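Step one of this worksheet: look at the structure below.
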């Protein structure tokens, strides 16, 4: 997410961090580089201009110039300005109305609107404990109605059926009445998208809005369209009283122009962003956390929330008890650990939220990928229960069978077994008295400074 912008800004600001003294000249040079980084990230020109003027105004003054760590003070200014550009705080959904609270979703075709309806329903269901009904008023694309019905079934939320022969307003009003009868908390209405903005589309969605008076009107936009996303949002905002924006495909957006431009141009907050294809890959938009990610400072809070939400506590406790009793760590346990990592967005998803990852050399990260996790799981799945519990029984003929079943080769099986044997030895050490402490002490000096806590006491 925002990789290009993040790499560029991290590189620019890294040169400042150790400086004991800043001059007007090197501040201006830095700001010139930041300006170029933002423009290359497809941030709208008025937004870039406003941002640089703000930073310069504060930077060439006592706040930074007289600071004991001027480089760090300037980096904080850049961070704070990015937060200001994106909206200062996380704007939550306003559902304070007589149920059902109606949410209207608008956007162009191809922005991921229908999938986002299902993702939002899932988020409300899991995080707000709300009952949800979804309905499609897209009478021009019957496939959209079928797609929403399938998604609703997958996430176990109510779906109100509609036909391409019906009137969009009549569909929406009937769905709201059905939700009232069933005492459902929230109704999410999917609307028709077009390939471009046209008068007919705007007239239809304006009429629909005025007929149902939703409490939230959210504009769904593809973040990969850069500042065009902000311009499209502005056009919709002129026709509809938007209450917020949902950015989709943020995980594939290497630039970040949409996230940094939308709030400034439309005055509307980004409320959520889509961060993957999975149905639960939607997260609230926290400007301070996104700014930290862009500047390579990581996002530990979101990582903790991911762990709270996705880790299977019962399995984790069962595993901890097993290890504590001195029982052997087996391949079943290994597979469970891999699945837990996958549930948290995979290795790369976790690493991107860790501070300092942007500063690692490319050689250190380019071999880290989630494809290897899928391969390992396929290999373990191709084993018999006995082989998973007792890997020592895996001989040559068994390796050939496992390789065939997992679509890999014998070298991959050998590599996994070698890694597993190493992990098993480590786990054995941990079960001994003070094993974890001894292992951490042993690792000290082998890792970069600051990577390990002090081992006193």
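Quick note: the coordinates plus some simple rules give every number you see, no bench work behind them. Bear in mind the structure is a predicted one, so any value in this text is a computation, not a measurement. Here the Cβ positions follow ideal geometry from the backbone for every residue, glycine too, while neighbour counts run over all protein chains shown.
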How long is the gain from residue 23 to residue 180 if the chain were fully straight, where each residue apart is worth 0.36 nm and the alpha carbon distance is subtracted? 50.1 nm
Going from the fewest other Cβ atoms within 10 Å to the most, one would list 51, 90 as 90, 51
Per-residue counts of other Cβ atoms within 10 Å, averaged by peptide: what ranking do you get for 168-178, 91-101, highest first? 168-178, 91-101
Under the 0.36 nm per residue contour assumption, what length would be gained going from the current alpha-carbon distance of residue 423 and residue 165 to full extension? 86.8 nm
With both bridge residues required to lie in segment 218-282, what share of the DSSP beta bridges run antiparallel, to the nearest 5%? 10
